[in-house]
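See structure below.
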Amino acid sequence: MDQRLFYTSILLALVLLLLLCASVAMRSRKEIRKYVALLDLSLIPPMVGNMIIVGSSIRARSLIGCYSYFIGMDLVMFALVLFTNAYCRGVNSGSGKQHKPTLVYLLLLADAVQLCLNPIFGHAFSVESVEVQGRPYYRLVPGVGQIIHRVVDYLVAFAVILIFILAVIKTTRINRERYMVILVSIIVVAVWETFYIFSRTPIDRSMIGFGLIGISSFYFSIIYRPLRLLDRMLSDIASDLSQALFVFDPEGKCIWANQPGLRLAKVDADRLDGVNESLERTFGSLDREEKDWVQSIVIGFGDDASYFLLQRRSISDDRNRMAGSFLSVLDNTEEQQRIKRELYNSTHDSLTGMYTKQHFFEKVRQKIDAGDGRKYLAVFVDVKNFKIVNDIFGSDFGDKALQQLADHIRSFMTYRCVYGRLAGDTFGVFVPADEFDSAAIESSLAAFSVTDGVLEHHILVNLGVYEVTEPSLDVSVMFDRAHLALSVVGDEYKTHIAYYDSKLREMVMWDQQISASLHGAIESMQIMPYLQPIADSQGRVVGAEALARWIHPEHGFLPPYKFIPVFEKNGMILDVDRHMWRCACKILSQWQGSHDDMFISVNISPKDFYFTDVVEEITGLVREYGIRPEVLRVEITETVFMSDAVEKMNILARLREAGFVVEMDDFGSGYSSLSLLKDMPVDVLKIDMRFLSYTNDGGRAATIVKHIIQLSDDLGIDSLTEGVETGTQYEKLAEMGCKLFQGYYFAKPMPVSEFEGFAFGTDG
Ligand code: C2E
Ligand code: MG
Ligand code: MG
């Protein structure tokens, strides 16, 4: 075949290909597209020039071909520099900043200009005719200009090659390919071109190489997807995964495992045969038949347990044939332990390590539902006055106290018991009735004290107990009942355990009900004073004691024992007493002028002294109602001296100084001792007959009363006997020297108007 024609056809094909590449490149979205297109298009003029040179047998045409070739080459170099800059940008200039190779462009422009001046000066080149395959062919005869042109182009090519070499060195191994191929093709072309120049062969075949540069640049910048890069990345990702990965061929043979996989299976990368056996040893036999599955497996027990999540996936090829499978094994142990820890923290109290209230209730419910046929007790454990322990000894000591109490509770527990911390200083215990040894617990609580190594302090711990008779009850209600039982444990240090029963429940409900309605009852005068006459030795009514009565809209007539003790306990007694004091003052003020000496005794509860300045309140009242203090007598009980006796004596002294008559109520009922009598700043001793007649030994009681009356007389204290029920009693007491008398023998407590009729002979 005609060599020249063959070569021309190849060039033509390349030109068409380059045109195609340029147009495809321009449709791409990549930023580099315009540089690729420019490079590909710039290659066309020198190629066409070459085609003309090769195909032409006419000198003028050959010359035109030469100009197109040489000047076109400058354009190619310009495009190549632009392309190279764009292509290697990411690698060579880490900062992404580009230095414009202006000098290179100027050099190329100058070269193109000097080539264009060749027709005038003839300095660059000319052509000479040689015969190739029997036809004239015009071969290049280079001049100085042509040498300059070559030097310039070589310099530029050299610079481009340098840039690519740098890129090849700097880039990652996986990316190297895309720089390497272009670099090699440029070098090949440069060598090819050099060979042409020095071999003086007539036809410059290196143009084919230029075409290939254009096409490869196009391919690597526009088409090429670094598949190997993806492969590598995916396998790197798989290797870096913390979970173990195994890849199996369709026959189930392991063909790849990542590092965690190799560690898990305890095999080397080149001994993958052992993988299946090793996995089965660890996890038992795994289902290989089913396509995809997920399985969680626990190995070991308790704190030593390991948790794994296994997942098998099969991989199909394009035609949906099974191509293999992979197994991932995630060691979930840490996560599971974290969950367990969180669960523990959410269900256990951090101070005592006991169950939290909510979790404790849940556990109790489970226990009840499991039903082991035993009787159970819900026990509410409470530290008495824990706030004071905290305040006095500090919260560190308080914490220690709670920890030690928790330990103390634990020491009584068997595996059948459930226990937890309900709130600050309260604990709950759910215990079989036959394991609750109340005597042992009583004695242990009596001796229970806590210490922080320096301080030792006895703490009073009380238990309220509810026997579970209705298992369907809400657990919180069971413990509410146990808590209720606590309300009947007194301040005494004798008993620490109180039991809930329905009577208690009613009592507590009663307490709540009347406490809630007290204020309304006072305002609407449901609570009012009844007056019980007090007589002198001649039987004349000289005064009265005001005793509270509650005419309840629902429950009818309520005597004091139905409500006074409740309010004594919860401190609301002051409201009742204030109301009674005011009523008494009002009555006295109404008697003024007509019955100036008639007095009324009012009761003052020991609790009142806690909550108010009694002296100030009472003096305020008599001032407000304009009455003399002597007619308002105040009754205090001896229990008042049980705490802060000195302070109480001061208060009583102040009351007496203010002009009030102070009476000691219920003398003989409690711990009163005669020795205390001499220090008591009281005016009247109220001796309650009922406390003395219990012995049935009338003679003995009479002797005691006689002596008390005598003693008080010696001390300058008047005596008043209350509970006088018979005329004989009255006479005897009068004989003994008693001055004042109160009792059913004279009259029972009665409404004010009735009293007025009784005492003054009026109808009120
Ligand atoms: P107290 O102050 O010792 O009142 C005397 C109680 O003895 C009254 O009972 C009275 O009805 C009763 N009594 C009087 N004479 C006889 C008698 O001959 N035989 C018998 N068996 N009992 C007699 P009451 O009114 O039920 O009051 C009981 C207690 O309630 C009072 O004892 C007092 O401690 C308290 N109380 C009553 N009203 C008030 C009040 O307004 N404030 C306070 N803090 N306590 C009050
Ligand atoms: Mg009284
Ligand atoms: Mg009394």
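The values are calculated or read from the model by the stated rules, or taken from the named source; none is laboratory data. This one's a predicted model, so the numbers in the text were calculated from it and none came from an experiment. Note that we place each Cβ from the backbone using ideal geometry, even for glycine, and neighbour counts take in every protein chain shown. Surface accessibility is based on the protein's heavy atoms, side chains included, excluding ligands, DNA and RNA. Shrake-Rupley method; radii C 1.70, N 1.55, O 1.52, S 1.80 Å.
A few remarks follow.
- Note on the stretch 348-500: with neighbouring protein chains present and a 1.4 Å probe, carbon and sulfur make up 51 percent of its accessible heavy-atom surface.
- Accessible carbon and sulfur surface of the stretch 227-337 relative to its total accessible area, %, 1.4 Å: 48 percent
- Lys, Arg +1 and Asp, Glu -1 on Cβ, resulting dipole of the chain about Cα centre, debye, nearest 20: 7360 debye
- At R0 = 51 Å, FRET efficiency that the Cβ-Cβ distance of residue 60 and residue 188 yields, to 0.05: 0.95
- Between 0 and 90°, nearest 10: helix 176-199 axis offset from the chain longest Cα axis: 10 degrees
- Around the amide H of residue 138, modelled in the peptide plane, lie the amide H atoms of 130, all under 5 Å away and 5 or more residues distant in sequence or on another chain.
- Estimated inter-spin distance, residue 113 and residue 713, nm [label 7 Å along Cα→Cβ]: 15.1 nm
- Å² per residue, accessible surface of the chain at 1.4 Å: 52 Å²
- For residue 534, residues with placed amide H under 5 Å, excluding near neighbours: 542, 543, 544, 545
- Degrees between helix 227-240 axis and first principal axis of the chain (Cα, 0 to 90, nearest 10): 30 degrees
- Considering only 471, 381, 457, the residue lying farthest towards the positive end of the dipole of the stretch 348-500 is 471, judged by Cα position with unit charges set on Cβ.
- Judged by the mean number of other Cβ atoms found within 10 Å, the most tightly packed of the peptides 319-328, 450-459, 9-18 leads the ranking 9-18, 319-328, 450-459.
- Ranked packing of 619-632, 285-298, most packed first, by mean Cβ within 10 Å: 619-632, 285-298
- Cα long-axis angle, helix 44-55 against the chain (0 to 90 degrees, to the nearest 10): 20 degrees
- Listed residues 129, 444, 510: farthest to the positive end of the dipole of the chain (Cβ charges): 129
- 3J(HN,Hα) from dihedral phi, the stretch 708-713, Karplus parametrisation 6.51/-1.76/1.60, rounded to Hz, x for glycine, proline: 5, 4, 5, 4, 5, 4
- In the stretch 3-223, the portion of solvent-accessible area held by carbon and sulfur atoms comes to 72 percent [1.4 Å probe, whole percent, DNA, RNA and ligands not counted].
- Note on the chain: dipole from Cβ charges, positive end direction compared against 711, 631, 24; the farthest Cα belongs to 24.
- Mean residue ellipticity (222 nm) of the chain, computed from DSSP H runs ≥ 4 via -39,500 (n - 2.57), nearest 500: -16000 deg cm²/dmol
- Rounded to whole Hz, the Karplus (6.51, -1.76, 1.60) HN-Hα couplings of the stretch 266-277, x for glycine and proline: 6, 10, 8, 4, 9, 10, 6, 4, x, 4, 4, 4
- Whole-angstrom gap from the stretch 378-401 to the stretch 606-660, using each part's C-alpha centre: 35 Å
- Under 22 Å between alpha carbons - lysine pairs in the stretch 521-757 that sit 8 or more apart or on different chains: 20
- Computed from phi, the 3J(HN,Hα) profile of the stretch 121-129 under the Karplus parametrisation 6.51, -1.76, 1.60 (θ = phi - 60°) reads 9, x, 7, 8, 7, 9, 10, 10, 7 Hz, with x in place of Gly and Pro.
- Dipole moment magnitude, nearest 20 debye, the stretch 366-499 about Cα centre, only Lys, Arg, Asp, Glu C-beta charged: 140 debye
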